[in-house]
Amino acid sequence: MQDGRAPRIKNRAPAAIQITAEQLLREAQERQETAFRAPKQRVEDFEELNEYRGRKRREFEERIRRTRGSIKEWLQYANWEASQNEFARSRSIFERALDVDPRSIQLWLSYTEMELKSRNVQHARNLFDRAVTLLPRVDQLWYKYVYLEELLQNVPGARQVFERWMQWEPDDKAWQAYIKLEERYQELDRASTIYERWIAVRPEPRVWVKWGKFEEDRGRADKAREVFQTALEFYGDEEEQVERAQAVFSAFAKMETRLKEFERARVIYKFALARIPRSKSAGLYASYTKFEKQHGTRSTLESTVLGKRRIQYEEELAHDGRNYDVWFDYARLEEAARGDLKDEGSTPEELESASVRVREVYERAVAQVPPGGEKRHWRRYIFLWLDYALFEEIETKDYTRARQIYQTVLNLVPHKQFTFAKLWLMFAKFEIRRLELPAARKILGTAIGLCPKEALFKGYIDLEVELREFNRARTLYEKYLEYDAANAPAWIKFAELEAQLQDFARTRAIFELGVSQSPLSMPEVLWKAYIDFEIEEGERATARSLYERLIALSGHVKVWISYALFEAEPIPILRAEREEEEEDEDEEAERKTVPGDPVLARQVFERGYRDLKSKGLKSERVALLEVWKTFEASHGSAQDVAKVEGMMPIVSKKRHVDQETGQTVEDWDLVFADDERESNPTSFKFLQMAHAWKQTQGKGGPGAGGGSGILAGFKAATKAAPAAASQDDAISDVASSHGGESD
């Protein structure tokens, strides 16, 4: 306790007698001591009254002597004298106080209030006159003075006070009070004159609006128009002055709307909006939009909404000038506005003005060049140039300007770092539309020489193919493959071109050259296209040799499956025979084919199974067996199906010790019958007999028949890897041993 800390509470158990908060408050109230009160005094006669007054006066005089500058003491003294009906003494005290602080507003107000309470009106007038003469900038004194005169029905006196006040050019509330005084007594001409004097002192837009509204309310529309027209002449046609006078324009137009003069109102709105920047006239545009919605036509309403949207876009662009999405929307807005004018049959001057507005937007947009040298920053920006060029070509038919736009953007893009194939191609197509084929070829040749790119080669080749310039297309393909020899789709397209031209020798040569490239981006696609081409030509032996080469390169399970299915399926007859028969037969005749050989297909399956077995690929063997089983179900006998089913593995559980943890781990493994028979012939025979015995016991007796095949007791694996049964995806993993990007 000595160091000021709270005492430590040892016993925290609740007290036997509980006290409520209400009891505590009641006891505190009962024990509270009463405040000291001065004894009441009763005055029985004038002698005691004079003694009391003398004592109070001595107290007040002593307090004033000590704190002469305290207005509060003076006010208490003067008000006490007034309460004793000693008004002469009270005035004397107030005058003494005014000698101390003649600029105290509270003192003057208390002095006049004392005189008014005692009904000394003339004294109060004199005081107000002295106060406003001494303090002419204190509005409260003027308001009190005017109120007094009006309360006494002395309207000329109140007007005289206002006139004295107006000479000091007070704030707007004082002028408004003077006008309301004249309105209360129906002196409207005097009020109009006061408005005119007010405008001369303070020509603000709100004052002009108040004056015009006043003249309209009193039914003098011509005078109101004269007021607004005077205001507009006062502000003039300069942009800054017109911007200040937006409220005047808005009020003027609304007045004309109320007077049913809609054309006058529309002219006023358009006059103002034509001289104020769009970004600074949002309020006026909103009023104009509302006006057109109520009283305008469809075309005027659309133009109003158009202006409002322009303001929104300008505000967004002022915040972020490189927001290209806003530039796109802004340009589309202006193009749509020009299209509407064109549809409505506007004059050539109006169309040209709209075209200039569209060009202005595009020029401002393309001036916002992206910072840095990263292509991702330029992607949206380039489309601004393309849209600009298309606008000039399609809408305005200004082909020279469109060509200049393409040339400008091509000079702007840093082609050593990155380029845009779409830009080059669109420029070339523009020249083709202008029948300038040499210029288009020159553009694309420059693009390929300056910044070769896959899309450029494709676009140039497609152009030459459409023009039936096949020799040029071959040359371009050669350049394309020199640039990117690992591009498998390019080899395929080149070969397809030669096949369409019926030059099959060149087609095979291209395919051979393509599959010999190392590395390739997608070799499986190229091999598949090569094999499909030979199958379409009816060359089964050539296709078989391709499969053999592919197996030697890859040996993937999908290749084996595709090879086997190829041997089993029919293929078209040779092209030469097919063409001879087509000349003799109808076009609707069924296409002849050469049937497949299931025996060869079965041999391929067996070869594939042995190859995968030698490589130790168990899941691939299961996939091959699944497809083989399906094949035998449609092409083989029941014995063939049973043979394949007998080759299916069983799922067994194996235990081994983990080298890292030293714990026994259980793994599931696929056990093939032929593997077990070769590795453990004794245990395999024992396991086969055990399965046969269990199967016999399960069927209810020793006489029940069971499988007597080699693997009759084995159960096929229930979880096997799915196999791909179609030839299209059969060789998708060739690149695993051929150096490409396979699955």
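The values are calculated or read from the model by the stated rules, or taken from the named source; none is laboratory data. Predicted model only: the values in this text are computed from it and were never measured. No Cβ is skipped: glycine too gets one built from the backbone with ideal geometry, and neighbour counts run over all protein chains shown. Ligands, DNA and RNA are stripped out before the accessible areas are found, and what is left, the full protein with its side chains, is counted by its heavy atoms. Shrake-Rupley method; radii C 1.70, N 1.55, O 1.52, S 1.80 Å.
Modelled with pLDDT under 85 and assigned to a helix (DSSP H, G or I), is that true of Arg544?
no
Can you tell me which residues in the stretch 549-561 are in a helix (DSSP H, G or I) and more than 13 Å from Trp628 (Cβ to Cβ)? Please lay out each step first, then the result.
Narrowing the stretch 549-561 to residues in a helix (DSSP H, G or I): 549-553, 557-561.
Selection gives Arg549, Leu550, Ile551, Ala552, Leu553, Lys558, Val559.
Please list, ordered by first then second residue, the pairs with beta carbon atoms under 8 Å, 6 or more apart or interchain, first in the stretch 654-673 and at negative phi, second of a type in the set (Phe, Trp, Tyr) and open to solvent by 50 Å² or more (accessible area, probe 1.4 Å).
Final answer for the pair search is Lys654/Trp668.
Residue by residue through the stretch 640-653, note down the ones that are free of Cβ contacts under 8 Å to residues at least 40 places away in the same chain and surrounded by 10 or more Cβ atoms within 10 Å (Cβ to Cβ).
Asp640, Val641, Lys643, Val644, Ser652
Let me spell it out: the conditions are (1) touching a Pro at 6+ places or on another chain (Cβ under 8 Å); (2) open to solvent by 50 Å² or more (accessible area, probe 1.4 Å); (3) modelled with pLDDT of 75 or more, and Arg591 meets all of them except one. Which number is the exception?
Condition not satisfied by Arg591: (3).
From Ala455, Ala447, grab the single residue that is open to solvent by 40 Å² or more (accessible area, probe 1.4 Å), hydrophobic (A, V, I, L, M, F, W, C) and either part of a helix (DSSP H, G or I) or farther than 22 Å from Ala402 by Cα (or both).
Unique residue meeting the criteria: Ala455.
Among what's in the stretch 511-528 and is in contact (Cβ under 8 Å) with a residue 40 or more places away in the chain and not in a helix (DSSP H, G or I), pick the residue that is farthest from Ala485 (Cα to Cα). Reasoning before the result, please.
Narrowing the stretch 511-528 to residues in contact (Cβ under 8 Å) with a residue 40 or more places away in the chain: 518-524, 527-528.
Keeping just the survivors that are not in a helix (DSSP H, G or I) gives 518-522.
On the way: Ser518: 9, Pro519: 9, Leu520: 8, Ser521: 9, Met522: 12 Å.
Selected residue: Met522.
Mind listing just one residue for me: the one in the stretch 500-509 that is surrounded by 14 or more Cβ atoms within 10 Å (Cβ to Cβ) and closer than 14 Å to Phe470 by Cβ and, of those, nearest to the chain's Cα centre (by Cα)?
Ranking the candidates gives Thr507 first.
Out of everything in the stretch 176-230 that is closer than 21 Å to Trp165 by Cα and among the small types (Gly, Ala, Ser), what residue ends up being surrounded by the most Cβ atoms within 10 Å (Cβ to Cβ)?
Checking each candidate, the answer is Ala191.
So is Arg578 touching a residue at least 12 places away in the same chain (Cβ under 8 Å), over 21 Å from Val604 (Cβ atoms) and either of a type in the set (Lys, Arg) or loosely packed, with under 15 Cβ neighbours inside 10 Å (or both) or not?
Values: touching a residue at least 12 places away in the same chain (Cβ under 8 Å): yes; over 21 Å from Val604 (Cβ atoms): yes; either of a type in the set (Lys, Arg) or loosely packed, with under 15 Cβ neighbours inside 10 Å (or both): yes.
Against the criterion (touching a residue at least 12 places away in the same chain (Cβ under 8 Å), over 21 Å from Val604 (Cβ atoms) and either of a type in the set (Lys, Arg) or loosely packed, with under 15 Cβ neighbours inside 10 Å (or both)), Arg578 qualifies.
Please indicate, with yes or no, whether at least one residue in the stretch 106-121 is at positive phi, open to solvent by 60 Å² or more (accessible area, probe 1.4 Å) and without any contact (Cβ under 8 Å) to a residue 24 or more places away in the chain.
Yes, the stretch 106-121 contains a residue that is at positive phi, open to solvent by 60 Å² or more (accessible area, probe 1.4 Å) and without any contact (Cβ under 8 Å) to a residue 24 or more places away in the chain.
Among the residues in the stretch 564-581, are any on the phi > 0 side of the Ramachandran plot, out of contact with any His (no Cβ under 7 Å at 6 or more places or on another chain), modelled with pLDDT under 85 and not in a helix (DSSP H, G or I)? Give the derivation first.
Pass one, the stretch 564-581, residues on the phi > 0 side of the Ramachandran plot: none.
No: zero hits.
Does Ile64 meet the test of being β-branched (Val, Ile, Thr) and exposed (fewer than 10 other Cβ atoms within 10 Å of the Cβ)?
No, not satisfied.
For the stretch 664-686, which positions are among the hydrophobic types (A, V, I, L, M, F, W, C), modelled with pLDDT of 70 or more and either more than 20 Å from Ala642 (Cα to Cα) or in a helix (DSSP H, G or I) (or both)?
Val665, Trp668, Ala673, Phe686
Report whether or not Gly69 is of a type in the set (Gly, Ala, Ser), more than 21 Å from Ala124 (Cα to Cα), out of contact with any strand residue (DSSP E or B) (no Cβ under 7 Å at 6 or more places or on another chain) and part of a helix (DSSP H, G or I).
In short, no.
Okay, residues lined up against (1) more than 28 Å from Gln84 (Cα to Cα); (2) open to solvent by 100 Å² or more (accessible area, probe 1.4 Å); (3) at pLDDT 80 or above:
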residue: Arg8; (1), (2), (3): yes, yes, no
residue: Pro14; (1), (2), (3): yes, yes, yes
residue: Gln18; (1), (2), (3): yes, yes, yes
residue: Ala21; (1), (2), (3): yes, no, yes
residue: Leu25; (1), (2), (3): yes, yes, yes
residue: Arg31; (1), (2), (3): yes, yes, yes
residue: Phe36; (1), (2), (3): no, yes, no
residue: Glu44; (1), (2), (3): no, yes, no
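Being touching a residue at least 40 places away in the same chain (Cβ under 8 Å) and in contact with a strand residue (DSSP E or B) (Cβ under 8 Å, 6 or more places away or on another chain): is that true of Val627 here? Give the steps one after another, and end with the answer.
On the way: touching a residue at least 40 places away in the same chain (Cβ under 8 Å): yes; in contact with a strand residue (DSSP E or B) (Cβ under 8 Å, 6 or more places away or on another chain): no.
Considered against the rule, which asks whether it is touching a residue at least 40 places away in the same chain (Cβ under 8 Å) and in contact with a strand residue (DSSP E or B) (Cβ under 8 Å, 6 or more places away or on another chain), Val627 comes out as no.
If a residue has to be under 16 Å from Asp674 (Cβ atoms) and touching a strand residue (DSSP E or B) at 6+ places or on another chain (Cβ under 9 Å) to count, how many in the stretch 608-624 make the cut?
To start, the set of residues in the stretch 608-624 that are under 16 Å from Asp674 (Cβ atoms) comprises 608-618, 620-622, 624.
Now drop any that are not touching a strand residue (DSSP E or B) at 6+ places or on another chain (Cβ under 9 Å), which leaves 618, 621-622.
Total meeting the criteria: 3.
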